[in-house]
1. State the number of residues belonging to the stretch 179-196 that are surrounded by 11 or more Cβ atoms within 10 Å (Cβ to Cβ) and at pLDDT 90 or above.
2. Is it true that residue 14 is outside any loop (DSSP other than H, G, I, E, B), out of contact with any helix residue (DSSP H, G or I) (no Cβ under 8 Å at 6 or more places or on another chain) and farther than 30 Å from residue 187 by Cα?
3. Does residue 85 satisfy being outside the structural domain of residue 130 (by TED's automatic domain parsing), outside any strand (DSSP E or B) and out of contact with any helix residue (DSSP H, G or I) (no Cβ under 8 Å at 6 or more places or on another chain)?
4. On the given criteria, is residue 284 more than 10 Å from ligand 2 (Cβ to nearest atom) and under 30 Å from the mean Cα position of the chain (by Cα)?
5. Filter the stretch 6-18 for residues that are without any contact (Cβ under 8 Å) to a residue 60 or more places away in the chain and loosely packed, with under 14 Cβ neighbours inside 10 Å and give the result.
6. Restricting to the stretch 272-321, give me the number of residues that are more than 10 Å from ligand 1 (Cβ to nearest atom), surrounded by 15 or more Cβ atoms within 10 Å (Cβ to Cβ) and modelled with pLDDT of 95 or more.
7. If you go through the stretch 209-237, how many residues are more than 9 Å from ligand 1 (Cβ to nearest atom) and in a loop (DSSP other than H, G, I, E, B)?
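The values are calculated or read from the model by the stated rules, or taken from the named source; none is laboratory data. All values reported here derive from a predicted model rather than from experimental measurement. Heads up, the Cβs are rebuilt from the backbone with ideal geometry, glycines too, and the neighbour counts pull from every protein chain shown.
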Ligand code: SF4
Ligand code: SF4
């Protein structure tokens, strides 16, 4: 039950999608008016319908109750509210805070508050996000607490890069509709039941194959490439480009005076420099292959099918697997 329309909901698109996937009914333009009890237990809630006005209050349209629109919905359980801000009253006195956010001492990634031995993580630190982010945050905090207690960092992280073989991924895997998550019928749900029932082994397989295996990096050794274009001919999409030049040109200087490669590179932090160079190297049309100086694999487009490796006559294309690893030291 929501007092305005879907367009004004604070919930994001993904949350709305999940609600609909779980067959939860959403009623808009209604407000609760009264809870009705029977023998001291909740029995029903009275609602009334609203009209959206053209005047805005706090960034949202003002609502006016529609006269004579009241209706009753029976219920067994009533959840009065779902909090979406941190309860900072649990913090000890002296911890710096502003607008309900807890200040980190220096580096936000340290998770440390202005009190040296007090750390915050997850939604409490950064506002509402996903469970996955909260778990990752919790792991980082555990390492920071360990550093504080032990006086040295006992865990190191690095990217392990090693040669790999063809992945077996096919273009067909892009075109499979992901099976929807099976859910418990609404009528059978109790307060503690798991709504999502989980995928079968076959459904899991389909979902897993949709993974683009982004940690596999296909690259072309320019010293071995003879510009035969065979890899381009068998590529399933626009993943291999003929680029015209690798020279730094004056025309590639942006309005701020910085070279475009330098401007683009931070946006591509963590990826290889050629990704940034895409912005200053013009793609050569297929009709003018002689102008190409560089045959380049666009990792954003690559679906890791291995077609290019299979046809390359000079063995110029290689694939490496990159894994983030954390180890005790
Ligand atoms: S492995 Fe990547 S770059 Fe090579 S053909 Fe397949 S999609 Fe294109
Ligand atoms: S198939 Fe090999 S040699 Fe031919 S253009 Fe592609 S990378 Fe270069």
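1. Initially, the stretch 179-196 is screened for residues surrounded by 11 or more Cβ atoms within 10 Å (Cβ to Cβ), giving 179, 181-184, 186, 189, 195-196.
With the extra rule that they be at pLDDT 90 or above, the set shrinks to 179, 181-184, 195-196.
Total satisfying the criteria: 7.
2. Working: outside any loop (DSSP other than H, G, I, E, B): yes; out of contact with any helix residue (DSSP H, G or I) (no Cβ under 8 Å at 6 or more places or on another chain): yes; farther than 30 Å from residue 187 by Cα: no.
Spelling it out, it is not the case that residue 14 is outside any loop (DSSP other than H, G, I, E, B), out of contact with any helix residue (DSSP H, G or I) (no Cβ under 8 Å at 6 or more places or on another chain) and farther than 30 Å from residue 187 by Cα.
3. yes
4. Numbers: more than 10 Å from ligand 2 (Cβ to nearest atom): yes; under 30 Å from the mean Cα position of the chain (by Cα): no.
Answer is no for this residue.
5. Pass one, the stretch 6-18, residues without any contact (Cβ under 8 Å) to a residue 60 or more places away in the chain: 6-9, 11-18.
Within the stretch 6-18, 6, 7, 12, 13, 14, 15, 17 qualify.
6. Here the count works out to 3.
7. So the count comes out to 15.
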